[in-house]
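Only the coordinates and a few stated rules stand behind these numbers; no lab work does. Nothing here was measured: the structure is a model prediction, and the numbers come from that model. No Cβ is skipped: glycine too gets one built from the backbone with ideal geometry, and neighbour counts run over all protein chains shown.
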Amino acid sequence: MELFGDYFKQLYDTSGWNFVIFYDQVEWQRFVEAIWTTIKLIIACLIFSLIVGFVGAWAQGAQSKIVRNVIAGYIQFFRNTPPFVQILFFYFVLGNLTPSYDAGGYQEAYIGSFGWAVISLGFFAGAFNTEIFRSGIEAVPESTVEAASALGYTRLQSYIHVVFPLAFRVCLPALNNNLVNLLKTTTLAYGIAVPEMMYTANQIWSDNVNVPEMMIVLFFFYVGLVAILVYGMSRWERSMKIPGYG
Amino acid sequence: MASPSQSGNGSGTNWTPDQPMVSIKDVHKSFGDLEVLKGVSLDVMKGECICIIGPSGSGKSTLIRCVNALNDIQQGSILVEGLEVNDPNLDKLELRKKVGMVFQQYNLFPHKTAIENIMMAPITVLKQDKDEVAEHANSLIKKVRLEGKENSYPGELSGGQQQRVAIARSLAMSPDVMLFDEVTAALDPETVKEVLNTIQELAEEGMTCILVTHEMGFAREVANHIYFTDFGLIVEHGAPATFFDDAKDPRTKEFLSQIL
């Protein structure tokens, strides 16, 4: 670590490339915290968006026309507006309307910027996940669903045990794409001051005037994260492969 | 809770075994403008095995799909052990506990192994104890002669093996009536026999069976009664011997002359 830091210190002294995070203890600390915040943000958004998609795709097939219309409206709203506008709207408009508590002299909202980022990005990606899952559900043969209902399954039981597990496998490639997009879109949380990587990099380059260096770090950081996600997803896809099917 | 080997009764209806187990009366069914069933009536007593035969499009599959409410009917009545199927407030679970169904295309759950396919419904739907279900499932695997294939996925099994898993899956729910909808129509000629043998054993054990089939030899050997449908009506019916050797209706005669 010593050697590593010395190298970048020397690089700065000789060439002017200032990768300050690799030799300055304070900036390194900021960087590491940003990594954790980013990873937590990504995991929370992924999980929330998958839950939204799972429930949304189920509700899309509901008997009630009202429920189906609500889902259709939700998808239209989140698909047809920019995610950055959504984040700002959630944080500044809905954030003002939600309850807060007295945190010693000032009002602190129960849902902070991190929470609003997860909610808005989760709903944003969840709208796409809903449509992706629907495409998978439509690929499940009607006869398979019929077999489940002939065995006494309710619509929900058949969705959980038969339809969704099959649909999920069909739509994994499309889901991969959307989750990769979601991962990258978490940088928009920068707009409401969530201390994730984009926000922190901005702070670091403001303090150290090393914009190009931090941009390079950003690129490598996100390339690495996406690679990990894609690797994980393809491992998952392989582990779910059904012998003799498809 | 009933053990898996007992059949599901206690429906609260006042059905007794001397009444028909399945009683179909004047059933009408249309898909849009197309009237598929034009007033069909038939009764099946407990332990009987009946075969419905007839040309394609004559409504035979539609008829048995109506018996377990996969299709609804517009007019008439279907009683299964006294339970009215043509009732908007029908408890479908109650009906489907009584009626098992096997399909032409097997329709197994491809993401589950053979034994899991058999065990799923009793655990999920009937909330039975997992160990008891496993025991029952293993005995069913033996019954349909698929020992050693428990952990194979449907995609790894032949058509005949898949169909026997489908039969076992249906039996796992301990139904009182079994419906077979052209269950051998998608099979190779060599594997038809293994599936028919399984059904024959079931019928001989006293399971009430309603079959839609094109296997005339099988119908003759196993059925107690044959129904011939054409254009949404039962044209002729009778015991196998009379039906096959002494058909009265010209349409039946023509059909039999083409098929036998």
Volume per residue of the C-alpha convex hull in the protein assembly as shown, rounded to whole Å³: 219 Å³
For chain B, with +1 on Lys and Arg beta carbons and -1 on Asp and Glu, the positive-most of B:80, B:183, B:110 along the dipole: B:110
C-alpha center-to-center spacing [segment B:76-106, segment B:49-65] in angstrom: 16 Å
Cross-link reach list, lysines versus residue A:40, counting only Cα pairs under 21 Å and skipping chain neighbours closer than eight places: A:184
Expected 222 nm ellipticity per residue - DSSP helices of 4 or more, -39500 (n - 2.57), all of chain B, to 500: -10500 deg cm²/dmol
Value at 222 nm in deg cm²/dmol, rounded to 500, when DSSP H runs of n ≥ 4 in chain A each add -39,500 (n - 2.57): -24000 deg cm²/dmol
Size of electric dipole in chain A: Cβ of Lys, Arg +1 and of Asp, Glu -1, about Cα centre, debye, nearest 20: 1120 debye
Positive-pole candidate from B:197, B:166, B:228, dipole of chain B, charges at beta carbon: B:166
Lys, Arg +1 and Asp, Glu -1 on Cβ, resulting dipole of the protein assembly as shown about Cα centre, debye, nearest 20: 540 debye
Inter-part distance where segment A:1-45 and segment A:86-144 are each reduced to a Cα centre, Å: 31 Å
Cα-derived Rg over Rh, computed across segment A:27-239 with Rh taken as Kirkwood radius: 1.05
Ratio of the Cα radius of gyration of segment B:103-260 to 2.2 N^0.38 Å, where N counts its residues: 1.16
Cβ charges +1 (Lys, Arg) and -1 (Asp, Glu), total dipole of chain B, debye: 340 debye
Reduced Cα scattering model of segment B:215-260, Debye log10 I(q)/I(0), q = 0.15, 0.16, 0.24, 0.29 Å⁻¹: -0.32, -0.37, -0.85, -1.21
Sorted by Cβ neighbour density within 10 Å, fewest at the top, the residues B:129, A:102: A:102, B:129
Cross-link pairs beyond the 23 Å C-alpha cut-off, checked among B:92/B:127; A:241/B:98; A:65/B:98: A:241/B:98; A:65/B:98
Per-residue mean of C-beta atoms belonging to partner chains within 10 Å, peptide A:141-148: 5
Chain A: DSSP helices with Cα axial extent of at least 27 Å and average Kyte-Doolittle hydropathy no lower than -1.0: A:25-60, A:113-138, A:164-185, A:211-239
Highest-fluctuation residue, B:145, B:65, B:169 considered, GNM on chain B with Cα pairs under 10 Å: B:145
Residue (of B:207, A:115, B:121) at the positive-pole extreme of the protein assembly as shown, dipole from beta-carbon charges: A:115
